[in-house]
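The values are calculated or read from the model by the stated rules, or taken from the named source; none is laboratory data. Not measured: the values here are computed from a predicted model. Cβ placement follows ideal geometry from the backbone for every residue including glycine, while neighbour counts extend to all protein chains displayed. Keep in mind that these areas ignore ligands, DNA and RNA; they rest on the heavy atoms of the full protein, side chains included. Shrake-Rupley method; radii C 1.70, N 1.55, O 1.52, S 1.80 Å.
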Amino acid sequence: MAGWTTGDIPDQSGRTALVTGGNSGLGYQTVLELARKGARVLLAARDRARGAAALERLAAEAPESHAELAQLDLADLASVERFSTAFLASGQVLDVLVNNAGVMAIPHRELTAQGYERQFGTNHLGHFALTGRLLPALARQPGSRVVTVSSNRHKQASGIDFDDLQGERSYRPWPAYDQSKLANAMFVLEFDRRLRAAGRDVVSAGAHPGFAATNLQVAGPRSGGTSLVARGMGLATRLFAQPAHDGALPVLYAATAENVHGGEYFGPDGRGEMRGHHPTLVQFSAAAHDQAAAARLWALSEELTGVTFVALTTQ
């Protein structure tokens with residue numbers, strides 16, 4: 001993958017991709033490059049107006065693109081169910097699912113529509129439910145891929161706090177974010193193990209953008225009112241972050257490059273995986289490889305979302 005850029009993305013004509021959080025930042029850059037290569041892209045956004053504005057921008061930057069808006073709120077499992085049910089009923093196929101949407105470092109404990117801590121509920125549970133519900137469409141497409149966007153900060157979490165998973169006894173913004181990203185990493189690996197055990201031709205891979213200039217670093221800390229943390233993150237982003245275009249490269253590589261295998265994880269090629277002009281194979285933390293904890297998290301995620309991956313047990 002040395003020197004790999006968007007110019008190396010294979011032709012995506014005839015393929016359908018769904019990108020969550022596709023209206024801004026990494027998600028938008030992923031949508032843009034997939035569309036430029038001929039994919040039909042479903043741009044999933046929580047806010048319809050912002051999604052529509054992103055489609056207008058896409059039409060200007062990639063006039064030949066084929067993109068549609070999919071209204072989808074990962075913090076509401078009912079929204080995930082409505083979207084997935086309609087998608088499956090339409091008979092559409094799905095070649096690539098990019099689990100990208102997320103929230104970061106919300107200052108005070110907030111809840112999803114179903115009452116789960118918002119970072120864990122959005123970043124992990126929402127995508128767990130979406131992937132499980134869409135798996136029948138993915139399983140019909142040989143070589144389909146699910147790319148889950150984690151973060152290098154998942155290495156800050158030593159494990160999943162099953163005794164206080166929802167932060168009811170103690171909530172701290174950054175540890176809650178780190179735990180949600182560790183959950184993403186565990187999901188990539190556990191999903192891969194289960195896909196292989198079931199003999200499914202679906203690839204579960206992970207990616208992270210390094211420190212990329214997106215709205216994510218500011219939107220979370222600003223939630224509930226402007227804060228010093230939000231201003232500090234905004235300044236750090238302006239000074240040190242790489243462009244969202246570069247941050248999206250590992251995601252695009254995982255989604256499109258040849259010879260990507262299940263369980264692999266891609267990030268920037270620069271020092272500390274913070275920046276880089278090309279994607280490279282990187283490593284999950286030791287905690288992410290804890291198979292007993294991952295199996296426990298999987299079972300609990302099924303319980304909390306009400307979603308089981310039926311396609312992993314039936315052919």
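When you look at LEU300, is it part of a strand (DSSP E or B), surrounded by fewer than 18 Cβ atoms within 10 Å (Cβ to Cβ) and under 21 Å from the mean Cα position of the chain (by Cα), yes or no? The answer is no for LEU300. Looking across the stretch 146-156, the residues that are within 15 Å of the chain's Cα centre (by Cα) and either assigned to a loop (DSSP other than H, G, I, E, B) or among the polar types (S, T, N, Q) (or both) come down to THR148, SER150, SER151, ASN152. Annotation note: Cβ proximity below 7 Å between a residue of the stretch 270-289 that is free of Cβ contacts under 8 Å to residues at least 40 places away in the same chain and a residue that is crowded, with 17+ Cβ neighbours inside 10 Å (sequence gap 6+ or interchain) occurs for GLN283/TYR265. Considering each residue of the stretch 57-66 in turn, none proves to be buried (at least 20 other Cβ atoms within 10 Å of the Cβ), closer than 25 Å to ARG140 by Cβ and among the hydrophobic types (A, V, I, L, M, F, W, C). Taken together, the criteria exclude GLU117 from residues that are in contact (Cβ under 8 Å) with a residue 24 or more places away in the chain and open to solvent by 30 Å² or more (accessible area, probe 1.4 Å).
Among the residues of the stretch 151-167, those identified as without any contact (Cβ under 8 Å) to a residue 40 or more places away in the chain and not basic (Lys, Arg) are GLN156, ASP161, ASP163, ASP164. Here is the figure for the stretch 122-152: residues that are in contact with an Asp or Glu (Cβ under 7 Å, 6 or more places away or on another chain) and either surrounded by fewer than 18 Cβ atoms within 10 Å (Cβ to Cβ) or under 12 Å from SER301 (Cβ atoms) (or both) total 3.
Against the conditions (1) at pLDDT below 95; (2) within 28 Å of GLY159 (Cβ to Cβ); (3) among the β-branched types (Val, Ile, Thr), THR308 satisfies every one except (1). Quick check: is even one residue across the stretch 157-176 acidic (Asp, Glu), open to solvent by 50 Å² or more (accessible area, probe 1.4 Å) and in a helix (DSSP H, G or I)? Yes, some residue in the stretch 157-176 is acidic (Asp, Glu), open to solvent by 50 Å² or more (accessible area, probe 1.4 Å) and in a helix (DSSP H, G or I).
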